[in-house]
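A single structure is presented below for examination.
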Amino acid sequence: PRQWTKNLLVFAALLFAQKATDPTAVIEAVEAFLVFCLLAGGVYIINDALDVEQDRLDPIKRNRPLAGGRLSLPGAVSCAVVLVVLGLVGAYLAAGTLLLKVALAYVGINLLYSGFLKHVVIIDVFAVASGFVLRAVAGAAAIHAVISPWLIICTLLLALFLALAKRRGELMTLGEEASNHRASLAEYSPELLDQMISVMTASTLMSYALYTISDRTVALVGSTNLLYTVPFVIYGIFRYLYLVHQKGLGGHPDRALLRDWPLMISVLLYAATVGVIIYVR
């Protein structure tokens with residue numbers, strides 16, 4: 001369930017499209033969130049089922065139910081199928097064909113990732129990042145809001161940043177066993193990943209800063225005040241880099257968010273500040 005924190009991206013469109021005070025839109029966004037909890041649960045189980053032998057080599061992942069032998073493979077796969085079917089049906093019932101298409105894309109890309117994309121260097125992190133982008137798009141589709149290109153750009157860059165940091169964390173944790181766990185890890189090095197992370201850090205910060213002062217954003221919000229949220233984004237990214245390099249939490253972004261109080265507080269302050277700027281005029 002801690003992986004459900006990633007599904008909070010579904011609510012981004014609700015906040016930025018100025019529909020957080022619309023009860024109908026809130027219910028639609030919650031429905032989309034629950035749909036992606038079902039879908040994520042299903043695809044994570046499938047991924048664990050395919051990776052069960054490799055996970056047993058990981059000092060942390062070997063404690064997962066499948067890798068640890070506490071859950072049978074047939075039972076897990078059956079559960080995954082049920083979750084995915086319920087998620088797809090729920091997507092259609094919640095918001096019709098548009099949300100269903102996004103949900104199908106999410107499931108399809110994750111199945112491709114679990115099957116072979118995770119073994120292809122660089123493509124693997126793009127596949128991971130696409131899951132975050134589709135969550136954000138699903139949130140817009142659920143409330144019938146226009147999907148902003150800035151939402152896609154900023155989400156993609158931030159997701160690539162997190163995915164690369166995750167790869168770095170895996171590489172540092174597994175050491176010489178990294179290639180046995182996943183073939184693509186043999187193609188990475190800490191130095192290469194650090195360069196890529198640096199590029200994504202700068203790109204993410206710049207794209208978000210440009211978003212806050214873009215003509216479309218100013219017209220929607222009525223001011224350039226979103227620019228004042230940039231320090232929260234800078235601090236959040238810098239704090240995460242600190243956790244990656246100094247605390248070794250890069251391989252587990254969900255744990256970093258839920259266990260690091262400074263990072264959690266900065267996220268909450270960011271969301272509160274955005275809310276005040278957008279809804280209190």
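The values are calculated or read from the model by the stated rules, or taken from the named source; none is laboratory data. All of these numbers come straight from a predicted model, not from anything done at the bench. Virtual Cβ from ideal backbone geometry, glycine too; neighbours counted across all protein chains shown. Areas reflect the complete protein model, heavy atoms only, side chains present, ligands, DNA and RNA absent. Shrake-Rupley method; radii C 1.70, N 1.55, O 1.52, S 1.80 Å.
Take the residues in the stretch 87-120 that are β-branched (Val, Ile, Thr), within 19 Å of residue 132 (Cβ to Cβ) and in a helix (DSSP H, G or I); name whichever of them is most open to solvent (accessible area, probe 1.4 Å).
Residue satisfying both the conditions and the ranking: 109.
Same structure again: Of everything in the stretch 243-267, what is assigned to a helix (DSSP H, G or I), free of Cβ contacts under 8 Å to residues at least 40 places away in the same chain and within 19 Å of residue 163 (Cβ to Cβ)? Give them in sequence order.
Within the stretch 243-267, 243, 245, 256, 263, 267 qualify.
Another question about this same structure. What pairs come out if I take residues in the stretch 55-76 that are more than 20 Å from residue 167 (Cβ to Cβ) and touching a residue at least 24 places away in the same chain (Cβ under 8 Å) and pair them with residues that are surrounded by 14 or more Cβ atoms within 10 Å (Cβ to Cβ) and of a type in the set (Asp, Glu) whose C-beta lies under 9 Å away, six or more apart or interchain?
Cβ pairs passing all conditions: 76/48.
Yes or no: residue 39 open to solvent by 40 Å² or more (accessible area, probe 1.4 Å) and on the phi < 0 side of the Ramachandran plot?
Against the criterion (open to solvent by 40 Å² or more (accessible area, probe 1.4 Å) and on the phi < 0 side of the Ramachandran plot), residue 39 does not qualify.
From 270, 240, grab the single residue that is closer than 21 Å to residue 7 by Cβ, open to solvent by less than 30 Å² (accessible area, probe 1.4 Å) and either touching a residue at least 24 places away in the same chain (Cβ under 8 Å) or assigned to a helix (DSSP H, G or I) (or both).
240
From 242, 208, grab the single residue that is under 22 Å from the mean Cα position of the chain (by Cα) and at pLDDT below 95.
On inspection, the qualifying residue turns out to be 242.
Being in contact (Cβ under 8 Å) with a residue 12 or more places away in the chain and open to solvent by 50 Å² or more (accessible area, probe 1.4 Å) is the filter here; which residues of the stretch 228-237 pass it?
Answer for the stretch 228-237, where residues must be in contact (Cβ under 8 Å) with a residue 12 or more places away in the chain and open to solvent by 50 Å² or more (accessible area, probe 1.4 Å): 228, 232, 234, 235.
Please go through (1) open to solvent by less than 50 Å² (accessible area, probe 1.4 Å); (2) charged (D, E, K, R); (3) more than 23 Å from residue 149 (Cα to Cα); (4) modelled with pLDDT of 85 or more for residue 31 and return the number of the only condition it doesn't satisfy.
(1)
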